[in-house]
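The next block holds one structure in the form of structure tokens; read it before the comments.
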2 protein chains.
Amino acid sequence: MKEKLADRLEEMENEELADLMRIIGRDDLISFAGGIPDTEIFPTDRLKQITEEVIANKGAEFYQYSSTEGNELLRKYLVDFLTERGLTPEFEEMIITSGSQQALDLVGKVFLNPGDRIVVEQPSYLGAIGAFKGYRPEIKEIPIEEDGIKVEALAVYLSQLKQRGESIKFIYLVPDYSNPSGARLSVKKRKEILNLAEKYNFYIIEDTAYSELNYYGQRLDYIKSYDSSDRVILLGSFSKFFVPGFRIAWIYNSKQFVQLVSKAKQNMDLASATAGQLILQRAGKEGLLAEQIERTKDFYRPRLEAMANALDDHFPQTAQWFRPEGGFFFWVKLPEGFDSRQLLEEALEQKVAFVTGSAFMTNPADGCRYLRLSFSNSQVDDIRAGIKILGQLIRRI
Amino acid sequence: MKEKLADRLEEMENEELADLMRIIGRDDLISFAGGIPDTEIFPTDRLKQITEEVIANKGAEFYQYSSTEGNELLRKYLVDFLTERGLTPEFEEMIITSGSQQALDLVGKVFLNPGDRIVVEQPSYLGAIGAFKGYRPEIKEIPIEEDGIKVEALAVYLSQLKQRGESIKFIYLVPDYSNPSGARLSVKKRKEILNLAEKYNFYIIEDTAYSELNYYGQRLDYIKSYDSSDRVILLGSFSKFFVPGFRIAWIYNSKQFVQLVSKAKQNMDLASATAGQLILQRAGKEGLLAEQIERTKDFYRPRLEAMANALDDHFPQTAQWFRPEGGFFFWVKLPEGFDSRQLLEEALEQKVAFVTGSAFMTNPADGCRYLRLSFSNSQVDDIRAGIKILGQLIRRI
């Protein structure tokens, strides 16, 4: 079979991801591996009631195709959602996608020729790297720090490219509580990156998957809120703050862009699943989505704090991390000489799991001293116990 | 924006499809345009009951991610479904996709480098042409006749290619009641094509979207049932004989192939929507899918017959068509000198719609004398009235 396959498959190989999927399937572990929401917080009773109401109201429509752009009422709900957050969209500027993952695949499909240049954070979301790699771009990684990507390094890179007559198609950013780093991009940097986009003529893919999951204080304004020329393509999802199983997410940009994306999506899955769109629309209208965003704060904050405290107590001072203010993840750098894959093997023997940093780098070797620790899906006691075990292993090695 | 976009977008332009989508949105027409099932046949009461039972039983699982390969119980139901139809799959050889459209996109992603050669029927399903074009292959069209693709022409093409040291990656076929032609591939040709695949080393993508929709007599065996070397990649869907809104379909081939496809799908949408998978699995287990397949016969057969009779009564003898035995479509060739786009404009003025043949050809000019007439979504009286109007327009021009 091999000789018949597309070359892009090699680029899409990801051993760490395969490891991750095997780990996620196991229920005998304290798992800091999967970055998925805890089913315990799902508003299952309310959702059951809403689903029954929607089926009663919609009848056969619940089971029919929806349009490629998505259910109009859901798109109008999203207009309200974004208007509350300081933007001024129209519903024709929104398109529903089958999860954010499809939005990333669509971005790749619409923008990328083989060899095109793009920039991602280092570390960056593995699903984004995977989706983009399918279109065979040249990916430049720019390191992040606690307040987000290093803008100076980005500016130097862009300037060097320009001297060679080259440029990038887009930069992909998760500005709030990035996966896997937990970093939040400062307001100052948000504006600086937008200025660079204007100066060097590229797009910003702003992925807000974790933006609602801030457990202290205020949301920051989207980069999109400073954008007056459709440079920022805003992606959003219901998966992290509400439920992920409907596979419903969205893209916001110009009508022209939505039309392009719609054409591409038509060839990818015709339309997203109808049931989830109708249920989410109603959950939005009834205020359940807004309530749920509030509930995430008290639900996940104690887990974040348990992990922060356990890391302080049990990890050596030579390991480096910072404390995020939202999202699902801590990103830990081990002292020199450590190999996170070896640590994972030993941790699995003691029934603790995490993801090695290599999954989040285009060159796996760059990630071998890093761990991503997710606190979203473990009870506080398990977080304390699991981090203690990891700390002991690190100190012993 | 244009200079930043991928080259593949030009290939994905499809004016006819855009026309079609505009027409489908209108409810003031007798529409023979959309190839979608009629909501009137959906078993909404039983589905409501099943959905409520599934939610009660599954709780939060109904809203959580499913695995990339899909719900294991649904894959096991599909094993039973295919075993009843003479195949011997294992559930690890099945993967759930987000509609057949995603299966087609996956096939493109897994097989195609730019410039690779593939074969499709002429005319062929526009969603397949669109999905494949995104990967920029060289598409060779081989004409169909009433008993399916012209195998002799295929053999000649393959032999010529071989003399030049070239070959194709795959052929894409809808063997039963093809969209748009309505043709059914004969048993003899099924075996001949498989022999050619062995001889010239290519894959067969066998899309069974309409295979259950046979309104007279017996199903023919899948090409897959003669395949002993994993050459046939079988695609199937619930959209046409059951309901399409869940966006759930499947691929059956080897475990190795399922693993490859799973890797690609992970980067496309992570997993298909959970709710539809759970509901379909239960509907299958309770026998509702099998009942529904039987119900389609008495539901769609009168519409097929009404269209056949109306075409006999009202279309000129110089127009050519054959009567399909299943599916949703008639494919009509107009007399020389006719232009189906012009006819469509005049028909729309009289509130009748269809799709021009150009949508189903890689070179739109090749389709300008053809119409696709779908009988799936119109009442018998409307079919008679609409065909009469079209016949009058054709005779008048």
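Given a Förster distance of 45 Å, report the FRET efficiency between residue B:28 and residue B:186 from their Cβ-Cβ distance, rounded to the nearest 0.05.
It comes out at approximately 0.65.
When the chain is fully extended, how far beyond the present Cα-Cα distance does residue B:156 get from residue B:221, taking 0.36 nm per residue of separation?
20.8 nm
Toward the positive end of the charge dipole of the range A:242-352, about the Cα centre and with charges on Cβ (Lys, Arg +1; Asp, Glu -1), which of A:281, A:316, A:342 goes farthest?
A:281
Considering Cα pairs under 8 angstrom that are at least six residues apart, work out the relative contact order of chain B and quote it in whole percent.
Value for chain B: 24 percent.
Give me the extension gain from residue B:45 to residue B:392: residue separation times 0.36 nm, minus the current Cα-Cα distance, reported in nm with one decimal.
120.8 nm
So, counting K/R as plus one and D/E as minus one, what does the shell of residues with Cβ under 9 Å around residue A:35 add up to?
In short, +2.
Sum up the charges of everything whose Cβ sits under 13 Å from the Cβ of residue A:128, counting Lys and Arg as +1 and Asp and Glu as -1, but leave residue A:128 out.
With Lys, Arg at +1 and Asp, Glu at -1, the net is -4.
Around residue B:91, what is the net charge, scoring Lys/Arg as +1 and Asp/Glu as -1 over all other residues with Cβ under 11 Å from its Cβ?
-3
May I ask you to list the residues of the range B:177-219 whose amide nitrogen lies under 15 Å from a point 7 Å from Cα along the Cα→beta-carbon direction of residue B:305?
B:215-217
Note down the magnitude of the dipole of the range A:44-289 about its Cα centre, charges +1 on Lys and Arg C-beta and -1 on Asp and Glu C-beta and zero elsewhere, to the nearest 20 debye.
420 debye
Are there any trypsin sites (Lys or Arg not before Pro) in the range B:301-370 that are in a DSSP loop and have at most 15 other Cβ atoms within 10 Å? List them by number.
For trypsin sites (Lys or Arg not before Pro) across the range B:301-370 that sit outside H, G, I, E and B with at most 15 neighbouring Cβ atoms in 10 Å, the list reads B:351.
Kirkwood hydrodynamic radius, computed over distinct alpha-carbon pairs, for the range B:44-289: how many Å, to one decimal?
Taking the inverse mean of 1/r over all distinct Cα pairs, the range B:44-289 comes out at 18.6 Å.
Based on other C-beta atoms within 10 Å, arrange A:318, B:68 from fewest to most.
A:318, B:68
Just tell me how shielded B:96-102 is by partners: mean number of partner chain Cβ atoms within 10 Å of each residue's Cβ, no decimals.
Rounded to a whole number, the mean comes out at 5.
Using a label point 7 angstrom from Cα along Cα-to-C-beta, what distances in nm, from shortest up, separate residue B:152 from the other copies?
So the distances to the same position in the other copies read 7.6 nm.
Which order, highest average first, do A:170-182, B:290-302, B:202-214, B:374-386 follow once you tally other Cβ atoms within 10 Å for each residue and take the mean per peptide?
Per-residue Cβ counts within 10 Å, averaged per peptide and sorted highest first, yield A:170-182, B:202-214, B:374-386, B:290-302.
If r is the Cβ-Cβ distance from residue B:92 to residue A:348 and R0 is 30 Å, what FRET efficiency results, to the nearest 0.05?
Result of the calculation: an efficiency of 0.80.
Going 7 Å from Cα along the Cα-Cβ axis for the label, what nanometre distances separate residue A:256 from the same residue across the other copies?
Copy-to-copy label distances at residue A:256, shortest first: 4.8 nm.
Go ahead and estimate [θ] at 222 nm for chain B from helices alone: -39,500 (n - 2.57) per DSSP H run with n ≥ 4, summed, over the residue count, rounded to 500.
For chain B, the value works out to -14000 deg cm²/dmol.
Once you have the Kirkwood Rh of the range A:114-194 from its Cα pairs, apply Stokes-Einstein at 37 °C and 0.692 mPa s and quote D in µm²/s.
254 µm²/s
Hey, for residue B:305 with labels 7 Å out along Cα-Cβ, what do the inter-copy distances come to in nm, ordered shortest first?
7.4
Can you give me the Cα centroid spacing of the range A:229-300 and the range A:41-84 in angstrom?
11 Å
Considering the options B:385, B:171, B:356, tell which one lies farthest towards the positive end of the dipole of the protein assembly as shown, charges being +1 on Lys and Arg and -1 on Asp and Glu at the Cβ, about the Cα centre.
B:171
Cut-off under 16 Å on the C-alpha distance; same-chain residues fewer than 8 positions from residue B:162 excluded. Which lysines are left, in chain and number order?
A:4, B:140, B:199
Return the percentage of antiparallel bridges among DSSP beta bridges fully within the range B:44-289, rounded to the nearest 5 %.
Expressed as a percentage, antiparallel bridges in the range B:44-289 total about 35.
Could you tell me which of rounded, prolate or oblate describes the protein assembly as shown, using a ≥ b ≥ c as the square roots of the eigenvalues of the alpha-carbon gyration tensor, with rounded for a/c under 1.5 and, failing that, prolate when a/b is larger than b/c and oblate otherwise?
prolate
Taking the beta-carbon count within 10 Å as an exposure proxy, list B:41, A:397 from fewest neighbours to most.
By the 10 Å Cβ count, ascending, the order reads A:397, B:41.
Would you tell me the mean number of C-beta atoms belonging to other protein chains that fall within 10 Å of each C-beta in A:103-113, as a whole number?
4
Note the full-extension length gain between residue A:60 and residue A:136 as 0.36 nm times their separation in residues minus their Cα-Cα distance, in nm to one decimal.
The span from residue A:60 to residue A:136 would gain 23.2 nm if fully extended.
Classify the range A:1-159 from the C-alpha gyration tensor, please: rounded if a/c falls under 1.5, else prolate or oblate depending on whether a/b exceeds b/c.
prolate
On average, how many beta carbons from a partner chain sit within 10 Å of the beta carbon of a residue in B:2-11?
5
Suppose we consider the axis relating copy A to copy B; can you name the residue of A with the nearest Cβ and state that distance in angstrom as an integer?
A:273, 2
Only the coordinates and a few stated rules stand behind these numbers; no lab work does. If you're wondering where the values come from, they're calculated on a predicted model, not measured in any experiment. For neighbour counting, all protein chains shown are included, and Cβ atoms are generated from backbone atoms with ideal geometry for every residue, glycine included.
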